[in-house]
Amino acid sequence: MIGVFDSGIGGLTVVRALREQLPGYDIVYFGDTARAPYGTKSPKTVIDYANEIIAFLIAQGAQLIVMACNTVSSVATATVTEQFSLPIFDVVTPAVDQAVGLGHRPIIGVIGTRATIASNIYERKIKKLRPDAKVHSKACPLLVPLVEEGWLQKPETVMIVKKYLHPLKVRQVNSLILGCTHYPVIKKVIQRKIGKQVHIIDSSLAVAAEVAAYISRHPELGAGIAKHNRLELFVSDITTQFKKTAQMLFKQHIQLELQRL
Ligand code: DGL
């Protein structure tokens with residue numbers, strides 16, 4: 001099974017992308033709805049949560065882990081890759097690879113949670129590969145609660161997105177990294193407000209492409225993962241909103257299992 005996790009609903013955008021790029025592969029998902037959001041927590045707390053969840057997913061049969069959360073990827077990647085021996089994917093690296101691979105002179109906008117932006121991981125990784133790149137980052141702490149609440153098209157959401165993106169627009173970014181897996185859910189609003197000429201890099205699509213490429217380079221791993229198109233969804237708190245958004249994303253009836261860690 002492919003194990004995927006996030007603080008809540010956001011990682012489902014990664015599940016959706018994985019199902020498109022690796023059709024049929026069984027997936028086990030954990031959404032830590034009882035402890036979300038992660039973006040306002042300290043790195044130490046987020047690392048502890050990540051360790052617990054990865055151990056749980058391995059116990060469920062995960063053979064490969066996708067940390068479908070930029071906040072976790074920003075602060076916990078080094079610790080968990082040392083701790084566990086199975087392949088673990090973060091969402092930051094594939095998005096950075098895409099951003100620096102774009103032909104034009106990169107003026108890159110990055111939006112994410114407070115923890116992700118405070119870690120400065122995107123700027124550090126981008127500058128390492130493209131020292132000539134300009135990076136402008138902006139924390140958008142209100143967007144995760146709005147997505148979790150299902151306020152996807154409300155005028156208030158559009159207004160808040162516009163306000164957050166204004167400084168990046170002024171600096172004329174030519175690409176924008178969605179550095180939070182919740183943001184693809186409101187990608188249309190973001191694209192409209194940043195302008196259609198700006199190339200949006202969706203970390204959920206980027207990581208799914210990376211996992212698919214890894215599996216094709218390691219066919220023995222791919223052959224060992226069951227392909228019954230199963231999707232097991234565990235959450236640490238069952239909320240009607242999680243169910244509603246999951247159903248909207250997958251266009252199918254969703255069954256949630258409660259798992260407290
Ligand atoms: N989807 C998570 C991320 O990518 C949201 C973090 C949060 O819970 O604040 O950062």
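The values are calculated or read from the model by the stated rules, or taken from the named source; none is laboratory data. Keep in mind it's a predicted model, so treat the numbers as computed, not measured. Note that each Cβ is placed from the backbone with ideal geometry, even for glycine, and that neighbours are counted across all protein chains shown. These area figures cover heavy atoms from the full protein model, side chains too; ligands, DNA and RNA do not enter into them. Shrake-Rupley method; radii C 1.70, N 1.55, O 1.52, S 1.80 Å.
When you check Leu258 against the structure, is it over 18 Å from Ile108 (Cα atoms), surrounded by fewer than 17 Cβ atoms within 10 Å (Cβ to Cβ) and at pLDDT below 95, yes or no? So that I can check it myself, show each step before the final result.
Details: over 18 Å from Ile108 (Cα atoms): yes; surrounded by fewer than 17 Cβ atoms within 10 Å (Cβ to Cβ): yes; at pLDDT below 95: no.
No.
For the stretch 72-89, the count of residues that are open to solvent by less than 10 Å² (accessible area, probe 1.4 Å), near the ligand (Cβ under 10 Å from one of its atoms) and either assigned to a loop (DSSP other than H, G, I, E, B) or without any contact (Cβ under 8 Å) to a residue 12 or more places away in the chain (or both) is zero. When you scan the stretch 9-20, do you find a residue that is more than 15 Å from the ligand (Cβ to nearest atom), among the β-branched types (Val, Ile, Thr) and open to solvent by less than 10 Å² (accessible area, probe 1.4 Å), even just one? No, the stretch 9-20 contains no residue that is more than 15 Å from the ligand (Cβ to nearest atom), among the β-branched types (Val, Ile, Thr) and open to solvent by less than 10 Å² (accessible area, probe 1.4 Å).
Considering only the stretch 100-140, state which residues are closer than 21 Å to Gln197 by Cβ and surrounded by fewer than 16 Cβ atoms within 10 Å (Cβ to Cβ). Gly101, Leu102, Gly103, His104, Arg105, Asp132, listed by residue number. Taken over the stretch 232-253, the criterion of being hydroxyl-bearing (Ser, Thr, Tyr) and open to solvent by less than 60 Å² (accessible area, probe 1.4 Å) is satisfied by Ser236, Thr239, Thr245.
If you go through the stretch 36-48 and pick out every residue that is at pLDDT below 95 and either surrounded by fewer than 24 Cβ atoms within 10 Å (Cβ to Cβ) or among the hydroxyl-bearing types (Ser, Thr, Tyr) (or both), you end up with 6.
Residue count for the stretch 214-231, restricted to those that are assigned to a helix (DSSP H, G or I), of a type outside the set (D, E, K, R) and open to solvent by 30 Å² or more (accessible area, probe 1.4 Å): 6.
Pairing residues of the stretch 194-213 that are part of a helix (DSSP H, G or I) with residues that are among the basic types (Lys, Arg), at Cβ distances under 7 Å and at least 6 apart in sequence or on separate chains, gives Ile194/Lys169.
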